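Contents: one structure, followed by commentary.
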C-alpha cells in the first residue's frame, strides 16, 4: 500500500476511534439516566410505618405488589428512614440519646436485627433484597446524608484507608431535624472512600435525605461517584424539597429524581400548592431525570409520623386529582399506604393501563391554563400525535380559596430551616386590604401555633406602617384568640428559641384582615412556627399565605370546564376518550367539549383528530 494512503487511512481510523471513544464516554457519563427512562413506580414505607417498619411488613407489601401490581409496572420496594435504630417502634423519631444505633466495624449503619431478623450476623439487607428480587421486584433503601456521629465519636475506621470517621466530618450544615449524622467534607482523604464503602446489598434504588434542601452539591457528587463505582443500576433519589429550581442542571446531571416540595401528606392545601410547583418544574422533565412531587399518601396508614391506623383523608375526587396531576407531571409514583389493606377503588387508580401509559410515555407535558381555580394540563402521544388533556376544579379547601393569593410559603414544619420563612412581596397598585392567612398543612391543626413576626407595610412615599400599630378589622384562629405581641398561648413570640418583641401570635386555621392605605406597595414579615407548638409532639405543620383579596371560598359545586380544541391546534373534529372511565365521549370541535368536573376533582382525556 502507498505510504501516504496508509497514513491517511490510519488518520481516518484514529479519528473514527476518537469519535467512538468520545461518544462512548458520553454514553457512560449519562448512562445512569437509562435506569429510569420512565418515572419509577413503587412503594415506600414512610407514610405507612414512619421510621419503624419491620421486615415482615416490608415482605407483606412486596408480596402484595408482586401478586397485584407488578404487571402494571409497579416494581420498587423501598425501606425508608432509620432502619438502623434497634429500638425504634413508633411513627416518630426516637430522640438521639434514646436511640440504639446499629453500626459495623467500619462505621456504616446496619439494619436492626430486632426489626429485620434476616440481617443478623452482618448479612445486612442482602437476604431481604434477594427475597424481593425473587418476586421479580426491585429493592431500595433510604439513607441520611453524611457520616454517623457514633462513628465519629468512636473514631471507627473507613474501610480500605488508614483514616477514621473523625477525619472526614464537619459540624457545618448539620441536619436541623434529625441529629444522627455529621456532614462529610468533600476533598478530605477518606471522604469519597466512606461513601464508596457501602456495600450495595443488591440495591436497585437509594433515597438520600437532607440532600437537596439545602442543596449539598459536594455530597451529591460524592454519592453519584459511589453509585457509579458499584457498577449496578441504582436509581438515585434526592430528598427532601423544595430543591432549588436554579439547580435543575446539576440535579439532572447527578440524580434520577429530586423532590419539588417538602413532605407531602393527604391534605388539600398541599395538593393545591403542588399545582404551582409542578408547573414550575415541568420544563425540566427529561427521561431518566425526574422532578419528584413526592409520595402518594393513599390507602391505609398504620403508624406513620402524621397518620396512625386510618385511611387517607383525600376524598375520591381528590385522589383522582392527585393521580391525574402526578401522571401529567410525570412524577415518580411511590405509594405510601399499606398495600394489603387496599380497597377496590384504590387499586383502580393504580391499575388503569391507559392512565399509566400517559404517565410513562407522554411528552411535552405542561400546564395549559390556571384561572379562577380552574386548571388545565396538556401532553402529547409521541406515537399517534393525539393530545392528552387534564382539567381540574381546584376551588378552595372549605377554609379559603387560593386563586388570588400573592404569596404561599408551602409547608412550614420542624423540617424547615429556622422553622419559618422570610416574606418580602410587592402589593398590587391600589390595594387597600391585606389578609394574613395561616392554613393547616397536612396533619390536622393540633399544635399549629404560628407567628407573624415584625409585619410591615411599605408605602410609595417611603413611609412604613407596622401592622402591630394598626387595629385589624377581624382576626380568627382555629384554636385560641389571635394575640398582639404574644404567642397565641400567651407566652413570648418564640421561633426556634429566638424571642421577638413585635408580632402577631395565631394558630391555623387563621385569617387576619387589615385595612391598609391605597398607596401601599410592599409587605414584609418573618412567618414561623411558635415554640408553643413545636415543643409538643403534635403536628406543627402550617402554610402561610398573603392576599389582598377576600379569600372566602366559593360554592363547592361541580363546574363545566371548556376545552378549546382550536387553541390546541386542532381545527377539525376530534374524538374524545375519557381515560379514567374507559369511555368514548363522542366527536367534538371548537369549544363544544366542556366536561363537568366535581369540586376538587379532575378529568383526563385522549383527544384524537378525526381523519379527513
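The values are calculated or read from the model by the stated rules, or taken from the named source; none is laboratory data. Fair warning: this is a prediction, and the values are worked out from it, not measured in the lab. Please note: Cβ atoms are built from the backbone with ideal geometry, for glycine as well, and neighbour counts cover all protein chains shown.
Does residue 511 meet the test of being touching a residue at least 12 places away in the same chain (Cβ under 8 Å), within 21 Å of residue 401 (Cβ to Cβ) and in a strand (DSSP E or B)?
Judged against the criteria, residue 511 is a match.
How about the stretch 145-171: which of its residues are touching a strand residue (DSSP E or B) at 6+ places or on another chain (Cβ under 7 Å), part of a loop (DSSP other than H, G, I, E, B), touching a residue at least 40 places away in the same chain (Cβ under 8 Å) and within 12 Å of residue 192 (Cα to Cα)?
Of everything in the stretch 145-171, those that are touching a strand residue (DSSP E or B) at 6+ places or on another chain (Cβ under 7 Å), part of a loop (DSSP other than H, G, I, E, B), touching a residue at least 40 places away in the same chain (Cβ under 8 Å) and within 12 Å of residue 192 (Cα to Cα) turn out to be 146, 158.
Looking at 148, 113 in this structure, which one is within 20 Å of residue 222 (Cβ to Cβ) and in the same structural domain as residue 257 (by TED's automatic domain parsing)?
That would be 148, the only listed residue that is within 20 Å of residue 222 (Cβ to Cβ) and in the same structural domain as residue 257 (by TED's automatic domain parsing).
Within the stretch 496-531, which residues are farther than 25 Å from residue 396 by Cβ, within 31 Å of the chain's Cα centre (by Cα) and surrounded by fewer than 24 Cβ atoms within 10 Å (Cβ to Cβ)?
Result: 496, 497, 498, 522, 524, 526, 531.
Of the conditions (1) in a loop (DSSP other than H, G, I, E, B); (2) over 16 Å from residue 390 (Cβ atoms); (3) touching a helix residue (DSSP H, G or I) at 6+ places or on another chain (Cβ under 7 Å), residue 553 fails just one. Which one is it?
Failed condition: (3).
Quick test for you: out of 436, 415, 493, 484, pick the one residue that is surrounded by fewer than 20 Cβ atoms within 10 Å (Cβ to Cβ) and modelled with pLDDT of 95 or more. Break it down into steps so the answer makes sense when it comes.
On the way: 436 fails: surrounded by fewer than 20 Cβ atoms within 10 Å (Cβ to Cβ); 415 fails: modelled with pLDDT of 95 or more; 493 fails: surrounded by fewer than 20 Cβ atoms within 10 Å (Cβ to Cβ).
Criteria check complete, one pass: 484.
Hey, does the stretch 460-476 have a residue that's within 32 Å of the chain's Cα centre (by Cα), under 20 Å from residue 412 (Cβ atoms) and modelled with pLDDT under 95?
Yes, some residue in the stretch 460-476 is within 32 Å of the chain's Cα centre (by Cα), under 20 Å from residue 412 (Cβ atoms) and modelled with pLDDT under 95.
Could you tell me whether residue 312 is under 18 Å from the mean Cα position of the chain (by Cα) and under 19 Å from residue 387 (Cα atoms)?
Spelling it out, it is not the case that residue 312 is under 18 Å from the mean Cα position of the chain (by Cα) and under 19 Å from residue 387 (Cα atoms).
Inside the stretch 250-293, can you point out the residues that are part of a loop (DSSP other than H, G, I, E, B), closer than 15 Å to residue 410 by Cα and touching a strand residue (DSSP E or B) at 6+ places or on another chain (Cβ under 6 Å)? Quick ask: steps written out before the conclusion?
Residues of the stretch 250-293 that are part of a loop (DSSP other than H, G, I, E, B), as a first pass: 255-256, 260-267, 285, 287-288, 293.
Checking the rest, the ones that are also closer than 15 Å to residue 410 by Cα come to 260-267, 293.
If the condition is that a residue be part of a loop (DSSP other than H, G, I, E, B), closer than 15 Å to residue 410 by Cα and touching a strand residue (DSSP E or B) at 6+ places or on another chain (Cβ under 6 Å), then 260 is the only one that fits.
Only one residue in 250, 216, 254 is crowded, with 16+ Cβ neighbours inside 10 Å, touching a residue at least 24 places away in the same chain (Cβ under 8 Å) and more than 30 Å from residue 48 (Cβ to Cβ). Which one?
Just one listed residue meets the conditions, 250.
Could you please let me know if residue 227 is crowded, with 21+ Cβ neighbours inside 10 Å and closer than 17 Å to residue 31 by Cα?
yes
Restricted to the stretch 295-313, and to residues that are touching a helix residue (DSSP H, G or I) at 6+ places or on another chain (Cβ under 9 Å) and not in a loop (DSSP other than H, G, I, E, B), which residue is nearest to residue 335 (Cα to Cα)?
Ranking the qualifying residues of the stretch 295-313, first place goes to 296.
Can you tell me which residue within the stretch 76-99, out of those that are modelled with pLDDT of 95 or more, assigned to a loop (DSSP other than H, G, I, E, B) and touching a helix residue (DSSP H, G or I) at 6+ places or on another chain (Cβ under 8 Å), is surrounded by the most Cβ atoms within 10 Å (Cβ to Cβ)?
81
If I filter the stretch 362-372 down to residues being surrounded by 14 or more Cβ atoms within 10 Å (Cβ to Cβ) and out of contact with any strand residue (DSSP E or B) (no Cβ under 6 Å at 6 or more places or on another chain), which single residue comes out as modelled with the lowest pLDDT? Walk me through it before giving the result.
Going residue by residue through the stretch 362-372, those that are surrounded by 14 or more Cβ atoms within 10 Å (Cβ to Cβ) are 362, 365-370.
Filter once more, keeping what is out of contact with any strand residue (DSSP E or B) (no Cβ under 6 Å at 6 or more places or on another chain): 366, 370.
Details: 366: 98, 370: 94.
Across the stretch 362-372, the extreme among qualifying residues is 370.
Can you find even one residue in the stretch 199-217 that is part of a helix (DSSP H, G or I), over 23 Å from residue 295 (Cα atoms) and within 24 Å of the chain's Cα centre (by Cα)?
So far as the stretch 199-217 goes, yes, one or more of its residues are part of a helix (DSSP H, G or I), over 23 Å from residue 295 (Cα atoms) and within 24 Å of the chain's Cα centre (by Cα).
Confirm whether residue 572 is assigned to a loop (DSSP other than H, G, I, E, B), out of contact with any strand residue (DSSP E or B) (no Cβ under 7 Å at 6 or more places or on another chain) and either at pLDDT 95 or above or more than 30 Å from residue 518 (Cα to Cα) (or both). Reasoning before the result, please.
Values: assigned to a loop (DSSP other than H, G, I, E, B): yes; out of contact with any strand residue (DSSP E or B) (no Cβ under 7 Å at 6 or more places or on another chain): no; either at pLDDT 95 or above or more than 30 Å from residue 518 (Cα to Cα) (or both): yes.
When the stated conditions are applied, residue 572 does not pass them.
Of (1) modelled with pLDDT under 95; (2) at negative phi, residue 122 satisfies all except one. Which?
(2)
Go through the stretch 575-599 and report how many residues are assigned to a loop (DSSP other than H, G, I, E, B) and modelled with pLDDT of 95 or more.
Step one: filter the stretch 575-599 for residues assigned to a loop (DSSP other than H, G, I, E, B), giving 579-582, 589-595, 598-599.
Then drop every residue that is not modelled with pLDDT of 95 or more, which leaves 579-582, 593-595, 598.
Within the stretch 575-599, residues that are assigned to a loop (DSSP other than H, G, I, E, B) and modelled with pLDDT of 95 or more number 8.
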